[in-house]
Amino acid sequence: MLSGSKGVTPRSLNFLQKRGKVKFLFDMDGTLTARETLPMIAAHFGVQAPVADATIAAVTGREPFDQSLRQRVAALGHLPVDEVSRLVTTVPLHRLIVDFVNSHRDQCAIVTSNLDCWCDALMRKMGCEAFCSRAQITGNHVIGITELLHKEDVVDAYKADSREMVVFVGDGHNDLAAMCHADVAVAVGFLPGTPAASLAAVADHIFTTEKELCVALEVMAAGDL
């Protein structure tokens, strides 16, 4: 049995019955990154809006995520897009997890509600597929969100291919729907307030260290539990 596992659950039985190619979908902020990027942006540019507090409230489920994200984007949208994008490429990463992604690029994708214009450069460094929310940009500034990504939609798209077992890895309340839709749900708790309490009821595995998570991911990549 994997460390951090609840044992044989209905969904893990499904994993055994449908062994084949595995697709790993990763949340970005707090899962691949060792900091939440929006508070990092706010701090760097001296934005006075309570972006950090709003981020924690959204991640833990105390505030509706979609509403919170739009408010935080409104607070940061006046910042130059190119400068924000460069800053985001410097965010500290969970190196062991990123190494796993780099070693299994064809099996991995990043799924984030963060904005494409702020995250694209970082996503290219990761070297795998990536899905983000889409920003409306005018004059190097974000003036709104044209398409807010719902992570469960990406899960469903991959599951439409019955040969793919979908494993979703995340840490926040906004990952709940994606985890419910995934074949295997993995919750991680690397940052304060994570994993969100709501994930405990649906997660097949819960990990609080990178090392334990990556051992489990390698086992899953090999088609076993």
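Say whether the condition of being crowded, with 19+ Cβ neighbours inside 10 Å and modelled with pLDDT under 95 is met by at least one residue in the range 133-153.
Within the range 133-153 (the criterion being crowded, with 19+ Cβ neighbours inside 10 Å and modelled with pLDDT under 95), the answer is no, since none of the residues qualifies.
Go over the candidates Arg70, Arg62 one by one and state the one that is charged (D, E, K, R), surrounded by 13 or more Cβ atoms within 10 Å (Cβ to Cβ), in a helix (DSSP H, G or I) and at pLDDT below 95. It would help to see each step written out before you state the result.
Details: Arg62 fails: in a helix (DSSP H, G or I).
After ruling out the rest, the residue left standing is Arg70.
Please state which of the following conditions Thr194 fails to meet, knowing it meets all the rest: (1) surrounded by 21 or more Cβ atoms within 10 Å (Cβ to Cβ); (2) modelled with pLDDT of 95 or more; (3) of a type in the set (S, T, N, Q).
(2)
Pairs needed: first member in the range 72-85, under 15 Å from Ile145 (Cα atoms) and in contact (Cβ under 8 Å) with a residue 40 or more places away in the chain; second member anywhere, in a helix (DSSP H, G or I) and of a type in the set (Gly, Ala, Ser); C-beta distance under 7 Å; at least 6 residues apart or different chains.
So the pair list comes out as Leu76/Ala42.
Suppose the filter is crowded, with 17+ Cβ neighbours inside 10 Å, under 20 Å from Arg105 (Cα atoms) and not acidic (Asp, Glu); does Met179 pass it?
Here the answer is no, as Met179 does not meet what is asked.
Pairs under 9 Å by beta carbon, first residue within 11 Å of Gly30 (Cβ to Cβ) in the range 186-214, partner among the polar types (S, T, N, Q) and in a helix (DSSP H, G or I), six or more apart or different chains?
Cβ pairs passing all conditions: Gly193/Thr60; Thr194/Thr60; Ala196/Thr60; Ala196/Asn174.
Could you grab me the full set of residues in the range 195-217 that are of a type in the set (A, V, I, L, M) and assigned to a loop (DSSP other than H, G, I, E, B)? Please lay out each step first, then the result.
The first filter runs over the range 195-217 and keeps only residues of a type in the set (A, V, I, L, M), leaving 196-197, 199-203, 206, 213, 215-217.
Answer for the range 195-217, where residues must be of a type in the set (A, V, I, L, M) and assigned to a loop (DSSP other than H, G, I, E, B): Ala196, Ala200, Ala201, Val202, Ala203.
The values are calculated or read from the model by the stated rules, or taken from the named source; none is laboratory data. Bear in mind the structure is a predicted one, so any value in this text is a computation, not a measurement. Note that we place each Cβ from the backbone using ideal geometry, even for glycine, and neighbour counts take in every protein chain shown.
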